[in-house]
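In what follows, a single structure is set out as structure tokens and then discussed.
The values are calculated or read from the model by the stated rules, or taken from the named source; none is laboratory data. Everything numeric in this text was worked out from a predicted model, so none of it was measured. All Cβ positions, even for glycine, are placed from backbone atoms using ideal geometry, and neighbour counts span all protein chains on display.
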Amino acid sequence: MPKLMSRQAGRRKDDDGVSRLFVGSYQSRRKPGVHCFDFDETTGRLSYLGSLSGIENPSYLAWDEDLSRLYVVQESVADPAICIVTVEANGSLALRSMQATSGAEPCFVATAPWPQPALLVANYGGGSLDWFRVQSDGEITSLVQNVPHQGRGPHPIRQTAPHPHSVAWDPRAHTIWVPDLGLDAVVVYRRDDLALQLRRVLTVPGRPGSGPRVLVFHPHAPYWYLANELDSTVAAYRYQLDPTLSATRQEVWSTLPEEVRDRENTVAHVALSWDLRRLYVSNRGYHSIAVFDVAPDGSHLERRAVVEVAAHVPRHFALTPDGQWMIVAGQGADCLEVMHVEDDGVPIATGVTFPVERPSCVLVETGHVRPWHH
């Protein structure tokens, strides 16, 4: 199929007010685990389009905008893999191919913002990072490098080994930042094209027992924000790339109200609003979304609200391109919850839910995302 035709398969028109959503979940191969929806940005309603079975625990997804396909982890101990799922214009899904990862329980996959197509995969159970080469047609061809992490943290159960949990790039795509829950650290790499290697260039320590899970960069300011799973916090770090690579923790904020600080809870996802004025973090245990105001220069956060959700165990969430809606994946509630984002940035319940068994990831097709606001 010509690339131009393929590019249009999963897209929605810029002006039709509809976003295409993809949802991953924890399921056996026998059950549908990857789902496709349309979301109406005017009414806040979800329309189911199709599902796909055949993948064990397709818990995290990455979208290939150019080729209208998904890269999907198979978060398995015995049969870990990255899967390619094609998406047709009507929302139907098909499993095209699978490539084994070098480590167990891959929990995160991302397309690399490099001239040479590539994927990076965090192997949570395997304690390592995989770099895969990708052909021009989107097929995964070979494992370029497996990078093992080493060490442990103080938690007697959750930190007995390394557990890379996600991957992020600085806005200039010069460095790769990997939060490792098991090490209480963010490990930083540069790509060496001549040697075809990722080279570790920095280790940013976190607080002992915090369990770094996922981070997001501010696109215009020298700060990134780290969600810590085990101690229910979010931390702001100031970084510089030149002349010397460095990162320094500035502040740490709890994601919980004072009155429930002793409740059992783990943090899951973190994201910035499209206008960069808010930071959102999901809590599992005290099932909620914490909302932080972001200072204009990105240097400071101030907690505005903690909003309880019907989607219990909110493992993941996504904001629609118009910035007015949040879709929450309630792994413990077997549903997606639609929340409306008010003018002050606080999401409120609409009463709209859609049944999905054990959802773990919500991905918005971003072909018509509005540009960042300044």
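Here is a yes/no grid of residues against (1) hydrophobic (A, V, I, L, M, F, W, C); (2) at pLDDT below 95; (3) surrounded by 22 or more Cβ atoms within 10 Å (Cβ to Cβ):
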{"residue": "Gly151", "(1), (2), (3)": "no, no, no"}
{"residue": "His163", "(1), (2), (3)": "no, no, yes"}
{"residue": "Trp169", "(1), (2), (3)": "yes, no, no"}
{"residue": "Leu183", "(1), (2), (3)": "yes, no, yes"}
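Give just the number: which of (1) of a type outside the set (Gly, Ala, Ser); (2) more than 15 Å from Phe37 (Cβ to Cβ); (3) surrounded by fewer than 21 Cβ atoms within 10 Å (Cβ to Cβ) does Arg315 not satisfy?
Just one mismatch for Arg315, condition (3).
Please go through the range 323-355 and give me each residue that is in contact with a Pro (Cβ under 9 Å, 6 or more places away or on another chain), under 30 Å from Ser28 (Cβ atoms) and crowded, with 18+ Cβ neighbours inside 10 Å, ordered by number.
Met326, Val328, Ala329, Gly330, Gln331, Ala333, Cys335, Leu336, Glu337, Met339
From the list Pro205, Pro162, exactly one residue is touching an Asp or Glu at 6+ places or on another chain (Cβ under 8 Å), without any contact (Cβ under 8 Å) to a residue 40 or more places away in the chain and under 19 Å from Arg249 (Cβ atoms). Which is it? Lay out the reasoning, then the answer.
Working: Pro162 fails: under 19 Å from Arg249 (Cβ atoms).
Of the residues listed, the single one that is touching an Asp or Glu at 6+ places or on another chain (Cβ under 8 Å), without any contact (Cβ under 8 Å) to a residue 40 or more places away in the chain and under 19 Å from Arg249 (Cβ atoms) is Pro205.
For the range 359-374, check the following and say yes or no: at least one residue is of a type outside the set (S, T, N, Q), over 16 Å from the mean Cα position of the chain (by Cα) and at pLDDT 95 or above.
Looking through the range 359-374, none of the residues is of a type outside the set (S, T, N, Q), over 16 Å from the mean Cα position of the chain (by Cα) and at pLDDT 95 or above.
Please list, ordered by first then second residue, the pairs with beta carbon atoms under 6 Å, 6 or more apart or interchain, first in the range 13-26 and closer than 11 Å to Ala329 by Cβ and at pLDDT 85 or above, second of a type outside the set (A, V, I, L, M) and assigned to a loop (DSSP other than H, G, I, E, B).
Gly24/Pro58; Gly24/Ser59; Gly24/Tyr60; Ser25/Gly33; Ser25/Arg358; Tyr26/Asn57; Tyr26/Ser59; Tyr26/Arg358
Could you pull out the residue among Ile348, Ile289, Ile327 that is among the aliphatic types (A, V, I, L, M) and closer than 30 Å to Thr248 by Cβ?
Ile289
Answer with yes or no whether Ile289 is under 13 Å from Pro347 (Cβ atoms), assigned to a strand (DSSP E or B), within 18 Å of the chain's Cα centre (by Cα) and touching a residue at least 60 places away in the same chain (Cβ under 8 Å).
In short, no.
Sort out which residues of the range 126-149 are modelled with pLDDT under 95 and out of contact with any strand residue (DSSP E or B) (no Cβ under 7 Å at 6 or more places or on another chain), and write them in order of number.
Ser136, Asp137
Looking at (1) β-branched (Val, Ile, Thr); (2) surrounded by 14 or more Cβ atoms within 10 Å (Cβ to Cβ); (3) farther than 30 Å from Tyr223 by Cβ; (4) out of contact with any Pro (no Cβ under 7 Å at 6 or more places or on another chain), which is the one condition that is false for Val134?
(4)
For Arg207, are the conditions met, namely being under 30 Å from Pro156 (Cβ atoms) and in a loop (DSSP other than H, G, I, E, B)? Spell out how you get there, then give the answer.
Numbers: under 30 Å from Pro156 (Cβ atoms): yes; in a loop (DSSP other than H, G, I, E, B): yes.
Judged against the criteria, Arg207 is a match.
Out of Ser51, Ser97, Ser59, which single residue is of a type in the set (Gly, Ala, Ser), closer than 30 Å to Gly351 by Cβ and in a strand (DSSP E or B)?
Of the residues listed, the single one that is of a type in the set (Gly, Ala, Ser), closer than 30 Å to Gly351 by Cβ and in a strand (DSSP E or B) is Ser51.
Among the candidates Ala236, Ala227, which residue alone is among the hydrophobic types (A, V, I, L, M, F, W, C), in contact with an Asp or Glu (Cβ under 6 Å, 6 or more places away or on another chain) and closer than 22 Å to Tyr280 by Cβ?
Answer to the check: Ala236.
Those residues that are surrounded by fewer than 19 Cβ atoms within 10 Å (Cβ to Cβ), of a type outside the set (A, V, I, L, M) and farther than 14 Å from Leu230 by Cβ, I need them from the range 274-285; list them, please.
Across the range 274-285, the qualifying residues are Asp275, Arg277.
Select, from Val77, Val121, Val73, the only residue that is farther than 22 Å from Pro171 by Cα, β-branched (Val, Ile, Thr) and in a strand (DSSP E or B).
Only one candidate qualifies: Val73.
Of all residues in the range 79-125, which are surrounded by 18 or more Cβ atoms within 10 Å (Cβ to Cβ) and aromatic (Phe, Trp, Tyr)?
Phe108, Tyr124
Looking at the range 251-265, is at least one residue under 24 Å from Thr175 (Cα atoms), without any contact (Cβ under 8 Å) to a residue 60 or more places away in the chain and either assigned to a strand (DSSP E or B) or among the aromatic types (Phe, Trp, Tyr) (or both)? Spell out the reasoning first.
Of the residues in the range 251-265, the ones under 24 Å from Thr175 (Cα atoms) are 251-252.
Adding the requirement that they be without any contact (Cβ under 8 Å) to a residue 60 or more places away in the chain leaves 251-252.
With the extra rule that they be either assigned to a strand (DSSP E or B) or among the aromatic types (Phe, Trp, Tyr) (or both), the set shrinks to 251-252.
Checking the range 251-265: at least one residue is under 24 Å from Thr175 (Cα atoms), without any contact (Cβ under 8 Å) to a residue 60 or more places away in the chain and either assigned to a strand (DSSP E or B) or among the aromatic types (Phe, Trp, Tyr) (or both).
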